[in-house]
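The values are calculated or read from the model by the stated rules, or taken from the named source; none is laboratory data. Predicted, not measured: the structure shown is a model, and the values here were computed from it. With ideal geometry, Cβ positions are generated from the backbone for all residues, glycine too; neighbour counts draw on all protein chains shown.
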Amino acid sequence: MTSIDVTDLTKEYGTTRAVDRLTFSVLPGRVTGFLGPNGAGKSTTLRLVLGLDRPTSGTATLGGRPYAALDEPLRQVGALLDAQAAHGSRTAYRHLLALAVSNRISARRVDAVLEETGLAPVARRRIKTFSLGMRQRLGIAAALLGDPAVVLLDEPSNGLDPEGIIWIRETLRRLAREGRTVLVSSHLMNETATFADHLVVLGRGRLLADAPLPAFLAAHTAPRARVRSTEPERLRATLARHGHEMLPDVDGKWLVNGVKAEEIGAIAAREGIPVLELADDQASLEQAYLALTADDTEFAAARTEPTTPQEV
């Protein structure tokens, strides 16, 4: 099994502890979202996993081995940390070919990833003429070049147009279905929710959460249900007697905070109140993330109260 295993990992830069005794594993067969506010230690952790920096203490291994010990690493681990890292005077094809030759990867594989990432028509263009989205696709092509069992991507949707975002989302899911280990760092909560099966969340270098996406949402948001009835006032009064307040929503629906749909259904059934629609209202990943990380955000904008125009 090829997993990413981080054990008691610590990294200090002078008096600053960027990563603080971090322990988690990223397993094959699922997409793991890697989340945290700016300064949480995500980029430092990725650099430590990829051997680009040395830990102060602890270990980060891939399939039980440190990255530096891997032979022909591109054939085992693919990574995108900085889409701007490619040499601008090279063509996309020559850039990927140089990577391939250094890891005994065939030129046919270069053609394959150029086709897969949609860059085949511009393969002979110099990289300095590429847009941000094209450079991002090239970075993803480089990460996939060796057909690796482990894929690490930092902000893979950055610069992509809507078609590209859908493409990378489907690509991540496919890689997981193929049994690969996929770790994706992102600031886009709503986008992460579309592809992640599992979440690892950091705050100020510490592990805040390591859980499947549904469990994370359940743990960090209060239950809420949405209901519609032909007798809303009767249902409202009945729920009030049980300590639940119905709040008007849209299209004749009502929201009830702090309770699950099954409880409302049971109360309505006992009282013989007809219910037309009833469902749990799932909180968004963004809401759950903000609830968890509110105290661990290094940079936060001050809240301001609206002001009234002054008379002149």
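Quick notes
- Flag if Pro28 is out of contact with any Leu (no Cβ under 7 Å at 6 or more places or on another chain) and closer than 13 Å to Ser185 by Cβ: no
- Strands (runs of 3 or more DSSP E) within the range 1-69 that include 1 or more residues surrounded by fewer than 21 Cβ atoms within 10 Å (Cβ to Cβ) and of a type in the set (S, T, N, Q): 4-13, 16-26, 57-62
- Consider the range 135-157 and keep the residues that are without any contact (Cβ under 8 Å) to a residue 40 or more places away in the chain and of a type outside the set (S, T, N, Q). The one that is surrounded by the most Cβ atoms within 10 Å (Cβ to Cβ) is Arg137.
- Of all residues in the range 174-191, those satisfying the criterion of being part of a helix (DSSP H, G or I) and in contact with a Phe, Trp or Tyr (Cβ under 9 Å, 6 or more places away or on another chain) are Ala176, Met189.
- Search result, residues across the range 193-228 that are touching an Asp or Glu at 6+ places or on another chain (Cβ under 9 Å) and among the β-branched types (Val, Ile, Thr): Val200, Val201, Val227
For (1) outside the structural domain of Leu62 (by TED's automatic domain parsing); (2) among the charged types (D, E, K, R); (3) not in a loop (DSSP other than H, G, I, E, B), each residue gets a yes or a no:
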{"residue": "His87", "(1), (2), (3)": "no, no, no"}
{"residue": "Ala98", "(1), (2), (3)": "no, no, yes"}
{"residue": "Val101", "(1), (2), (3)": "no, no, yes"}
{"residue": "Ile105", "(1), (2), (3)": "no, no, no"}
{"residue": "Gly139", "(1), (2), (3)": "no, no, yes"}
{"residue": "Asp147", "(1), (2), (3)": "no, yes, no"}
{"residue": "Leu172", "(1), (2), (3)": "no, no, yes"}
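- Only one of Gly179, Gly139, Gly146 that is small (Gly, Ala, Ser), modelled with pLDDT of 95 or more and out of contact with any helix residue (DSSP H, G or I) (no Cβ under 9 Å at 6 or more places or on another chain): Gly179
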